[in-house]
1. If you scan region 34-68, which residues turn out to be at pLDDT below 95, assigned to a loop (DSSP other than H, G, I, E, B) and under 21 Å from Thr3 (Cβ atoms)?
2. Can you pull out every residue in region 18-33 that is open to solvent by 20 Å² or more (accessible area, probe 1.4 Å) and out of contact with any Leu (no Cβ under 9 Å at 6 or more places or on another chain)?
3. Mind telling me which of the residues Ser15, Ser36 ends up being polar (S, T, N, Q) and surrounded by fewer than 13 Cβ atoms within 10 Å (Cβ to Cβ)?
Amino acid sequence: MITARQVAADVLNRSRSRDGFAAELIDAALNAAKLSAQDRRFVTQLVFGVIRHFGRIDGELSRLIAHAP
């Protein structure tokens, strides 16, 4: 059984690959996945949260990777 986090990761990967708009990708993924209402809300919030804060996340990861031993 697929988890909410797996659905969100797939949507984010497809969004980054320019396979479609995030909202459309979320709708399609949620229609295909058998998730509870709570998990469906979690996927939506997780995807939009990552997209909203992507610049900050990318900057922090770049900084950490650059300083890795």
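The values are calculated or read from the model by the stated rules, or taken from the named source; none is laboratory data. This structure is a prediction, so every number in the text was calculated from the model and none was measured. Because the Cβ atoms are built from the backbone with ideal geometry, glycine has one as well, and the counts that use them run over all protein chains shown. Heavy atoms of the whole protein, side chains included, go into the accessibility calculation; ligands, DNA and RNA do not. Shrake-Rupley method; radii C 1.70, N 1.55, O 1.52, S 1.80 Å.
1. Answer for region 34-68, where residues must be at pLDDT below 95, assigned to a loop (DSSP other than H, G, I, E, B) and under 21 Å from Thr3 (Cβ atoms): just Lys34.
2. At the first step, the residues of region 18-33 found to be open to solvent by 20 Å² or more (accessible area, probe 1.4 Å) are 18-21, 23-24, 27-28, 31-32.
Listed by number, the residues that qualify are Arg18, Gly20, Phe21, Ala23, Glu24, Asp27, Ala28, Asn31, Ala32.
3. Values: Ser15 fails: surrounded by fewer than 13 Cβ atoms within 10 Å (Cβ to Cβ).
Matching residue, one of Ser15, Ser36: Ser36.
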